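Following: one structure in structure tokens, then a few remarks.
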Amino acid sequence: MTDTDTPTAQAPEDAVLTSRELDGKQPVLDPGKQVAYGRVLYTAALLGRSPAQVVARLTALGYADIQDAGRPFPEAVALDDAVLVKREDQDAWRYPWIDVAEPVSLRRVLETAEHTGRAPADVARRLTALGYRLGGSGPLPETPDPRDVALIRSDARGYGTWLDWGDEVSAGHVRGAAAALACSPHTAAVRLASLGLRLPYTPDPDDERLLRVRDVPTPRWAGRYMDPPLGHVLTVARETGRSAAEIVARLEVLTAGAPGGSVPESPDEDDFVILSENLDGREPWLRESTVNGLRMEHILRASLVTGRGTAEIAARLTELGHWLHDDAKLPGTADEADIRLLETVDRSFRDNVHLEHVLRSASLTGRSPADVAARLTELGFELPDEVAYPDVRGVLAAS
């Protein structure tokens, strides 16, 4: 048997002291390798001895290289403090103890807090009392939060990279962490600041409302995948009593984007109506399209709801950052038949409308293919196919 397979002592306490897993069983520690400082503390708490007694006995058993922290061992170690020096991460099998020779990183404090269920501030205080040096200073949260470790993860690739004491956090990181942890960007920002990280802005409780652009089915936050719609900005301004310009300025500080078009300081009620997808003055709000522009049926429906002309609605929406494609030919008056027809068309004014699209719309509206083709052409759609569309309705559509 090798030295590491044979216990160096027969006394039960010595067997625990020298066993690699502190269970009194093989394999045992290699006398030629250094005994970690953290192991000494943990063993002392486990056996009810002082660290000095553990060091003395290990030395007597042939373990001459015991890690020195550069300061005296604590006189006694409680077991609930000793668990703080054990690592529980993916590398714990290779490095089971927090290294006293290196400053303790913020990640290590938070991982320890997570697996012990203690507050980061408590962990930091106790590790310091046990002889460890922290890698930074400043107050830490006095309440535990299991999301802390994920909150400071700055790169999820491979083993990941982690923010450390005093690092500056981007607004993008705040939003990404919030999305990963299913919390609001403001909640994430407040917790990151409490962990001593530097933010590009000071979190404000009102940020929660500014950033929340949708409530159902789950909250959606500005800046993550979408700019804040103008309807959202105007609504928040009305609810909070702040100016729309102030709301936009704060969103820019939060790097959460800004709505396109002009931002009216005194919007009228019809602005809220025409900016809402359902024309009810509430979310969901129209989102700016930089590719296809606004769907014509929205203008027609808005005209019927508000009693304003289609051209007036289109002009106002253009001022507010929404545009109708140049090829679109807006009718002078809104017609329910046009709205029903346009709702069956899944093509934009940039796309060609082919036979199959005409037949689908005809089937859904009960109109003849010839009537559908003619009206779509009048509304500005391009029908390039040379097809003689029948001027009769289908049997199923007509019935």
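Looking at segment 266-295, I want the residues that are within 12 Å of residue 306 (Cα to Cα) and have a partner that is open to solvent by 40 Å² or more (accessible area, probe 1.4 Å) with Cβ atoms under 6 Å, at least 6 apart or on another chain. Which pairs are those?
So the pair list comes out as 279/301; 279/305.
In segment 279-310, which residues are assigned to a helix (DSSP H, G or I) and under 19 Å from residue 337 (Cβ atoms)?
296, 297, 298, 299, 300, 301, 302, 303, 304, 305, 310
Conditions tested, residue by residue: (1) on the phi < 0 side of the Ramachandran plot; (2) more than 37 Å from the chain's Cα centre (by Cα); (3) of a type in the set (Val, Ile, Thr).
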residue: 296; (1), (2), (3): yes, no, no
residue: 314; (1), (2), (3): yes, no, no
residue: 318; (1), (2), (3): yes, no, yes
residue: 325; (1), (2), (3): yes, no, no
residue: 362; (1), (2), (3): yes, yes, no
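For the list (1) under 24 Å from residue 317 (Cα atoms); (2) open to solvent by less than 70 Å² (accessible area, probe 1.4 Å); (3) not in a helix (DSSP H, G or I), I need the number of the one condition that residue 236 fails.
Unmet condition: (3).
Can you tell me which condition residue 52 does not meet? The list is (1) outside any loop (DSSP other than H, G, I, E, B); (2) open to solvent by 40 Å² or more (accessible area, probe 1.4 Å); (3) under 27 Å from residue 149 (Cα atoms), and all the others hold.
It is condition (3) that residue 52 fails.
Residue 281: touching a helix residue (DSSP H, G or I) at 6+ places or on another chain (Cβ under 6 Å) and open to solvent by less than 50 Å² (accessible area, probe 1.4 Å), yes or no?
It is true that residue 281 is touching a helix residue (DSSP H, G or I) at 6+ places or on another chain (Cβ under 6 Å) and open to solvent by less than 50 Å² (accessible area, probe 1.4 Å).
For the condition surrounded by fewer than 16 Cβ atoms within 10 Å (Cβ to Cβ) and at pLDDT 95 or above, what is the one hit in 91, 65?
Residue meeting the stated conditions: 65.
Go through (1) open to solvent by 20 Å² or more (accessible area, probe 1.4 Å); (2) in contact with a Leu (Cβ under 9 Å, 6 or more places away or on another chain) for residue 161 and report which single condition fails.
The one condition residue 161 does not meet is (2).
For every residue, the table says whether it meets (1) open to solvent by 70 Å² or more (accessible area, probe 1.4 Å); (2) out of contact with any Asp or Glu (no Cβ under 6 Å at 6 or more places or on another chain); (3) assigned to a loop (DSSP other than H, G, I, E, B); (4) among the hydrophobic types (A, V, I, L, M, F, W, C).
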residue: 317; (1), (2), (3), (4): no, yes, no, yes
residue: 341; (1), (2), (3), (4): no, yes, no, yes
residue: 370; (1), (2), (3), (4): no, no, no, yes
residue: 373; (1), (2), (3), (4): no, yes, no, yes
residue: 384; (1), (2), (3), (4): no, yes, yes, no
residue: 390; (1), (2), (3), (4): no, yes, yes, no
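Can you say whether residue 11 is open to solvent by 10 Å² or more (accessible area, probe 1.4 Å) and modelled with pLDDT of 90 or more, as far as the supplied structure shows?
Answer is no for this residue.
The values are calculated or read from the model by the stated rules, or taken from the named source; none is laboratory data. If you're wondering where the values come from, they're calculated on a predicted model, not measured in any experiment. Neighbour counts run over all protein chains shown; Cβ positions are idealised from the backbone, glycine included. Heads up: the accessible areas ignore ligands, DNA and RNA and are worked out on the full protein's heavy atoms, side chains in. Shrake-Rupley method; radii C 1.70, N 1.55, O 1.52, S 1.80 Å.
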